[in-house]
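S.K.: I have a structure here, written as structure tokens, and I will follow up with some questions on it.
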Amino acid sequence: MDKKIALVTGASRGIGRAVAAALAASGCHVLINYRSRQPEAAETLARIQHAGGSGELYPFDVADVAACGPAVAGIIQTHKRIDVLVNNAGIRHDSLMVFMPAEQWSQVIATNLNSFFNVTQPVVKQMALQRRGRIVTIASTAGQTGVEGQTNYAAAKAGVIGASKALAREVAKRGVTVNVLAPGFIETDMTAGLPRAPLLAQIPAGRFGQPEEVAAAAVFLCSEAAGYITGAVLNINGGVYT
Ligand code: NDP
């Protein structure tokens, strides 16, 4: 198979599903990671296949370092390479800091920040050997501006921005690019319960974004054409001031 191999974490739903579909449409064989929602992940794969693309399911918990190494090793054993990694899996669990139990802090940091290390480290080793690769991580406006009730989430998202900028410098000579997308409010399960009117008032574009609008940027950053873009943070937020 001469298709590029692309691993997308958290691709059972939302932004990850749209990124997986768009990468498949651009010619990648997409490895669809998720944590627990197998039917939704199978639906992502079915949509890709229906559109003429290819992929397969790779469930593992990105917060669990002991699970990620073997999972990535299995991918490399099967496919001999990994060309694209999109670190998308994430959760939010909001609370004002004064009321936040330590576990709530740790869980969000583990899923949104430690996952960057857990998945990217074994992948980037392989990309460095290949002397080519594309890594894109989904951060958030919250990691740039801070949002009340999201100290845990904002810390994790700011963390992946810093880590990506540092890693970009480490692997630039190896032909590996490392970039970040920073979405604002995107229509997914994660934002489904939020009060709309006060949020829309903060967005110059006057609407939430669609997952496909994040996916289009991910595909570009993962393309050959984006080879000189690394360490960048691209806002996809309808003009929200960061
Ligand atoms: P969703 O809640 O719709 O989907 C989250 C995805 O992440 C699911 O596929 C879920 O898998 C997966 N996931 C969660 N935890 C783990 C884990 N431990 N291991 C593996 N997979 C996991 O989220 P969105 O699509 O909205 O968000 C995607 C990313 O974009 C996140 O990083 C989020 O922080 C970020 N983002 C989202 C914004 C928005 O407005 N929606 C704005 C800015 C950033 P499963 O289905 O199995 O639970």
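The values are calculated or read from the model by the stated rules, or taken from the named source; none is laboratory data. Note that the structure is predicted; figures quoted are calculated from it, not measured. Neighbour counts run over all protein chains shown; Cβ positions are idealised from the backbone, glycine included. All accessible areas refer to the heavy atoms of the entire protein, side chains included, with ligands and DNA or RNA removed. Shrake-Rupley method; radii C 1.70, N 1.55, O 1.52, S 1.80 Å.
S.K.: For CYS28, only one of the following conditions fails: (1) open to solvent by 30 Å² or more (accessible area, probe 1.4 Å); (2) touching a residue at least 40 places away in the same chain (Cβ under 8 Å). What is its number?
M.R.: (1)
S.K.: Which residue is nearest to THR78 (Cα to Cα), if the candidates are limited to segment 1-20 and must be more than 10 Å from the ligand (Cβ to nearest atom) and touching a helix residue (DSSP H, G or I) at 6+ places or on another chain (Cβ under 6 Å)?
M.R.: Checked segment 1-20; the qualifying residue nearest to THR78 (Cα to Cα) is ILE5.
Residue by residue, here is whether (1) in contact (Cβ under 8 Å) with a residue 12 or more places away in the chain; (2) under 18 Å from ASN237 (Cβ atoms) holds:
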| site | (1), (2) |
| --- | --- |
| LYS157 | yes, yes |
| GLY162 | no, no |
| LYS165 | yes, no |
| ALA172 | yes, no |
| THR191 | yes, yes |
| LEU194 | no, yes |
| LEU200 | no, yes |
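S.K.: Against the definition (among the aromatic types (Phe, Trp, Tyr), open to solvent by 10 Å² or more (accessible area, probe 1.4 Å), more than 13 Å from the ligand (Cβ to nearest atom) and more than 18 Å from the chain's Cα centre (by Cα)), how does PHE117 come out, yes or no?
M.R.: no
S.K.: Could you list, in sequence order, the residues of segment 200-213 that are within 17 Å of THR242 (Cα to Cα) and outside any loop (DSSP other than H, G, I, E, B)?
M.R.: Of everything in segment 200-213, those that are within 17 Å of THR242 (Cα to Cα) and outside any loop (DSSP other than H, G, I, E, B) turn out to be LEU200, GLY209.
S.K.: Within segment 31-46, track down each residue that is open to solvent by less than 10 Å² (accessible area, probe 1.4 Å) and within 11 Å of the ligand (Cβ to nearest atom). Before the answer, list the steps.
M.R.: First, the residues of segment 31-46 that are open to solvent by less than 10 Å² (accessible area, probe 1.4 Å): 31-33, 41, 44.
Answer for segment 31-46, where residues must be open to solvent by less than 10 Å² (accessible area, probe 1.4 Å) and within 11 Å of the ligand (Cβ to nearest atom): ILE32, ASN33, ALA41, THR44.
S.K.: Going through segment 8-39 one residue at a time, which ones are of a type in the set (A, V, I, L, M, F, W, C) and closer than 10 Å to ASN88 by Cβ?
M.R.: Listed by number, the residues that qualify are VAL8, ALA11, ILE15, ALA18, VAL19, ALA20.
S.K.: Then there's this: Of everything in segment 170-199, what is open to solvent by less than 40 Å² (accessible area, probe 1.4 Å) and in a helix (DSSP H, G or I)? Give them in sequence order.
M.R.: Selection gives VAL171, THR191, LEU199.
S.K.: While we're looking at this one, here's another question. In the list VAL136, VAL108, VAL123, which residue meets the criterion of being within 24 Å of ILE76 (Cα to Cα), crowded, with 24+ Cβ neighbours inside 10 Å, at pLDDT 95 or above and not aromatic (Phe, Trp, Tyr)?
M.R.: VAL136
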